[in-house]
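Report on one structure; see the data block that follows.
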Amino acid sequence: MELDNRIEVGAGSHRYQVLEQWPQWPPGAQFKEVVAVAADSQGHVYVFNRGPMPIMTFDRNGHFIGGFEVGDFFRPHGITVGTDDTIYCVDDYDHTVKVFSPDGQPRFTLGTSGVYSHTGATSVDYRTIKNSGPPFNYPTNLAVTPSGELLVTDGYGNARVHRFSARGELLGSWGVPGDGPGQFQVPHGIAIDARGLVYIADRENSRIQRFDLKGQYVDEWTDVVRPCEVFVTGDGTVYIAELGERAGRWAGWAEPCDDAVGGRLSIFDHDGTLLARWGGGESPSAAGDFFAPHDVWVDKFGDIYVSEVIWSAGAKRGLISPTCHTLQKFMRIDGV
C-alpha cells in the first residue's frame, strides 16, 4: 500500500518500505543486470553484476564507495560475504569460485578456470545431465558453515552440493539428479542457519530441501515456486527469492497459464510457517513487485536486498523492459 508517498510491503512484524531507486549508480555505470548482492559486517553492500565493473560497493544509504579490480569473470552468478568479511564469488560459466579479501585481493580459487566436470550435461540445461559428478559444472552459490567450511551448490550442469575446508580442500559431496529426497534439479541457492541446518533452493523441483552439515536429508518445504536463493538470519527467519513460473523458462516448456505465479519474496519462520510474502509478478516493473528474483540478502540492520536477472530471464527476448529494476532494497520499518 502507499502511505505518505511511501510504498510499503510485508505483514505483521515484517513490514518494509520499498526503495526501488536504491542505490545511486556511479556516473557511466553500465551493466545488463545485477545477479547477486551481499553485505558485510559494516553494512557495506556488494553488488555483483554482469558489466565492466562486476563488483560495486555502496554504503547502506546507497552512496557509491568504489569498485573492485578483481580480474575477469566469465559470467557472475552468486556472491557471499562471510562473517570475517571474506568475499566469495561464484562464476558459473567459468566453473569456479573466486575468493577475495575484504579489500578485494585474491586469496584462492575453487575449481579450474574453464574446466568442467563430466556429468553428461551439454549446456546449462539441467535436463541434459546424465549423472552427478565432482566440482564443478556451472556452480551457482555458496554458503559458509559456522566452522568456516564452504558449501557450494553445483548447479546447472550438475546436481550436487560440495563441501570444502576453509582452505579449499574438497571434503565430500552429496546429491544426484532427480526429484526424490536428496536429489536435485538445479540446486541454485544455499544457506545455513545457526543450528547447522543447510537449506538448498532446489529450483526446478520447486522446494527447499534441508540437510545436516554432512548432507543427511532432514525435510523439505514446498510452499515456494522455483526458489533461486535463500537467506537465514541469526534468529532463524528464512527469506526466499522465488523466480516464479513466468520468467527464466526452459526451451520446450508450454507457455505459462494466466494465473501463473510470478516472481516474489517469501519470509518463513524456522519451522516453515509463512510470515510475509509480496510480489507475484502482476506488475513486475512496479516498485515492490518482481519479474525474476535471483538473490536475496538481509543486512545487519534487518533491511532486505533483492536482485533480479532482468536481461537473462526476459529482456533479451522482449518479455520485460531492460529498464525494469534489477535491484530493490526493502528498508525495515521500526516499531512493527
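The values are calculated or read from the model by the stated rules, or taken from the named source; none is laboratory data. Just so it is clear, the structure is predicted and the values come from calculations on it, not from any experiment. Because the Cβ atoms are built from the backbone with ideal geometry, glycine has one as well, and the counts that use them run over all protein chains shown. Keep in mind that these areas ignore ligands, DNA and RNA; they rest on the heavy atoms of the full protein, side chains included. Shrake-Rupley method; radii C 1.70, N 1.55, O 1.52, S 1.80 Å.
Annotation note: of Glu204, Glu229, Glu242, Glu220, the sole residue that is under 15 Å from the mean Cα position of the chain (by Cα) and either over 21 Å from Trp278 (Cβ atoms) or open to solvent by 20 Å² or more (accessible area, probe 1.4 Å) (or both) is Glu204. Only one of the numbered conditions (1) open to solvent by 10 Å² or more (accessible area, probe 1.4 Å); (2) under 20 Å from Trp25 (Cα atoms); (3) over 17 Å from the mean Cα position of the chain (by Cα) is violated by Trp311, and that is (3). Annotation note: Cβ proximity below 8 Å between a residue of the stretch 308-336 that is more than 13 Å from Phe291 (Cα to Cα) and aliphatic (A, V, I, L, M) and a residue that is open to solvent by 20 Å² or more (accessible area, probe 1.4 Å) and not in a strand (DSSP E or B) (sequence gap 6+ or interchain) occurs for Val336/Gly12; Val336/Ser13. Counted as qualifying within the stretch 9-86 are the strands (runs of 3 or more DSSP E) with 3 or more residues that are surrounded by 15 or more Cβ atoms within 10 Å (Cβ to Cβ), namely 14-19, 34-39, 45-49, 55-58, 76-81. Scanning the stretch 128-149 for residues that are open to solvent by 40 Å² or more (accessible area, probe 1.4 Å) and part of a strand (DSSP E or B) returns a single hit, Val144. I'd like the residue in the stretch 289-303 that is crowded, with 24+ Cβ neighbours inside 10 Å and touching a residue at least 60 places away in the same chain (Cβ under 8 Å) and, out of all such residues, is farthest from the chain's Cα centre (by Cα). So the residue we want is Pro293.
Considered as a group, the residues in the stretch 279-288 that are open to solvent by 20 Å² or more (accessible area, probe 1.4 Å) and in contact (Cβ under 8 Å) with a residue 12 or more places away in the chain include one that is nearest to Pro23 (Cα to Cα), and that residue is Ala287.
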